[in-house]
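The values are calculated or read from the model by the stated rules, or taken from the named source; none is laboratory data. Because the structure is predicted, anything quoted here is derived from the model rather than measured. Here the Cβ positions follow ideal geometry from the backbone for every residue, glycine too, while neighbour counts run over all protein chains shown. With ligands, DNA and RNA removed, areas are computed over all heavy atoms of the protein, side chains included. Shrake-Rupley method; radii C 1.70, N 1.55, O 1.52, S 1.80 Å.
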Amino acid sequence: MFQLKTPNLVLHELCDDDADLILNLLNDADFLQNIGDRGVRNLEQARIYIRNGPVTMYRQHNVGLYKVALKEGTAIGTCGLIKREGLRVVDLGFAFLPQYRGMGYALEAAQGVMQYAQKQLGLERIAAITLPGNTPSLKLLKKIGFRVEGRITLPGEHKELLLMLWKTSSHCHSSSKEK
């Protein structure tokens, strides 16, 4: 089972026990505005979301969103890699409960996931998508080396998103765009 430790955080695979975290995250006003409404309104729907989303992704792609917890165990958000329809490469995703934003935890978790992706998985390219107006996410992504490549609308979606790409230094001069 996946586990990643950073100086202040521990990342684990999500499971049914994390339904409370997922219910709170997916119904947070900023999540609804910047990521979207997943239609999860109770703990049973949250458990189904975990099983059909992250757990299925772990099994099929060996990546997924992970629970982010403080070292003492308090769950504060999610961060991980997602294999998404409409993108050729995995993308970095993250969401944190409001009371844990602006404290550096999202940056620490994202950096840990990126190091894992590069060193353990050997990934040379990783995408990220965000609404153009989601300034906190844009700042974080730029800080860890993502660059805007263009705009994209994912299959089945209506919102145009910024497509960002991170590449290992050996691919920095490549001109091909990932979609």
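What residue, among those in segment 113-135 that are in a loop (DSSP other than H, G, I, E, B) and polar (S, T, N, Q), is nearest to V68 (Cα to Cα)?
Within segment 113-135, the subset in a loop (DSSP other than H, G, I, E, B) is 120-124, 131-134.
Pick out the ones that are also polar (S, T, N, Q) and you get 120, 134.
Details: Q120: 19, N134: 21 Å.
Applying the filter and picking the extreme gives Q120.
G145 satisfies every condition listed in (1) within 11 Å of the chain's Cα centre (by Cα); (2) open to solvent by 20 Å² or more (accessible area, probe 1.4 Å) except (1).
Looking at G104, G53, G86, G122, just one residue is at pLDDT below 95 and out of contact with any helix residue (DSSP H, G or I) (no Cβ under 7 Å at 6 or more places or on another chain), and that residue is G86.
Tell me whether segment 130-139 contains one or more residues that are touching a Gly at 6+ places or on another chain (Cβ under 7 Å) and surrounded by 15 or more Cβ atoms within 10 Å (Cβ to Cβ). No, segment 130-139 contains no residue that is touching a Gly at 6+ places or on another chain (Cβ under 7 Å) and surrounded by 15 or more Cβ atoms within 10 Å (Cβ to Cβ). Would you check if K67 is over 27 Å from L163 (Cβ atoms) and of a type in the set (K, R)? So K67 fails the test. Filtering segment 128-173 to residues that are over 17 Å from N34 (Cα atoms) and aliphatic (A, V, I, L, M) leaves I144, V148, L165. Restricting attention to segment 48-64, the residues that are open to solvent by less than 70 Å² (accessible area, probe 1.4 Å) and not hydrophobic (A, V, I, L, M, F, W, C) add up to 6. When the residues of segment 136-163 are filtered to those that are outside any strand (DSSP E or B) and acidic (D, E), the one that is modelled with the lowest pLDDT is E157.
Name the residue, out of L14, L21, L87, L25, that is among the aliphatic types (A, V, I, L, M) and surrounded by fewer than 21 Cβ atoms within 10 Å (Cβ to Cβ). One residue alone meets the criteria, L87.
I76 falls short of the stated requirement of being without any contact (Cβ under 8 Å) to a residue 12 or more places away in the chain and under 17 Å from N27 (Cα atoms).
Please verify whether R41 is of a type in the set (K, R), surrounded by fewer than 18 Cβ atoms within 10 Å (Cβ to Cβ) and more than 26 Å from F146 (Cβ to Cβ), treating the condition exactly as stated.
Numbers: of a type in the set (K, R): yes; surrounded by fewer than 18 Cβ atoms within 10 Å (Cβ to Cβ): yes; more than 26 Å from F146 (Cβ to Cβ): yes.
Judged against the criteria, R41 is a match.
Restricting attention to segment 24-79, the residues that are assigned to a helix (DSSP H, G or I) and either under 20 Å from I126 (Cβ atoms) or not acidic (D, E) (or both) add up to 26.
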